[in-house]
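The values are calculated or read from the model by the stated rules, or taken from the named source; none is laboratory data. As the structure is a prediction and not an experimental result, all values here were calculated from the model. Cβ: placed from backbone, ideal geometry, glycine included. Neighbour counts: every protein chain shown.
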Amino acid sequence: MSTLWMYLFIVLGGMMQACGGPMNAQLRNSLRNPWLASTISFAVIVAFFICVFVMLPRPLPSVKDLAQMPWWAPLGGLIGAVQVFAGLTLVDRVGAGPFTGVTVTAALAASIAIDHFGLFHMSVHSAGPGRMIGSVLMIAGIALIARN
């Protein structure tokens, strides 16, 4: 896959993520229970990936692969659940723009730290002046977007 297609797919994912919060908020409004709404939201995700796995079951991990997996690796979905629950319960209170902006800015700041320190077995990418200035500009932009 070319770099262009990778970035286009990332852009599509970001655009879809902006839609996810308001969609989940409406699910919560309709079901009235945020825990039930979260369960249904994740059930749809699980059903989708089960279908994809049934169609594309290879490759499968070896016992060695499983033994070498970090203990925290399976928790990524639970981490994502925090974001989904935040969207379910807060996006309609603060607005889709500020919600997405704060989400992206917080994710960017955390990502810079992850890259800088090589956390979660990531390659180290120094948090140089350009990255730091970019983060400050993102925070300033979100402050402007979130003002009413």
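Taking the stretch 1-95 as the region of interest, the helices (runs of 4 or more DSSP H) fully inside it that hold 1 or more residues being surrounded by 11 or more Cβ atoms within 10 Å (Cβ to Cβ) and among the β-branched types (Val, Ile, Thr) are 34-55, 76-94. Of all residue pairs spaced 6 or more apart or on separate chains, those with beta-carbon atoms under 8 Å, a first member in the stretch 103-132 that is touching a residue at least 24 places away in the same chain (Cβ under 8 Å) and over 23 Å from ALA146 (Cα atoms) and a second member that is of a type in the set (A, V, I, L, M, F, W, C) and surrounded by 12 or more Cβ atoms within 10 Å (Cβ to Cβ) are PHE120/ILE114.
Of all the criteria given as (1) modelled with pLDDT of 90 or more; (2) over 28 Å from LEU119 (Cβ atoms), the one not satisfied by PHE9 is (2). Taking the criterion of being of a type outside the set (A, V, I, L, M) and under 11 Å from GLY20 (Cβ atoms), the residues of the stretch 76-94 that qualify are GLY80, GLN83, GLY87. Evaluating VAL102 against the criteria (1) closer than 27 Å to SER41 by Cα; (2) surrounded by fewer than 16 Cβ atoms within 10 Å (Cβ to Cβ) leaves one unmet condition, (2). None of ALA47, ALA110, ALA73, ALA37 is closer than 23 Å to GLY20 by Cβ, at pLDDT 90 or above and under 17 Å from the mean Cα position of the chain (by Cα) except ALA110.
Which one is nearest to THR105 (Cα to Cα), of the residues in the stretch 115-148 that are among the charged types (D, E, K, R) and surrounded by 10 or more Cβ atoms within 10 Å (Cβ to Cβ)? Here the residue is ARG131.
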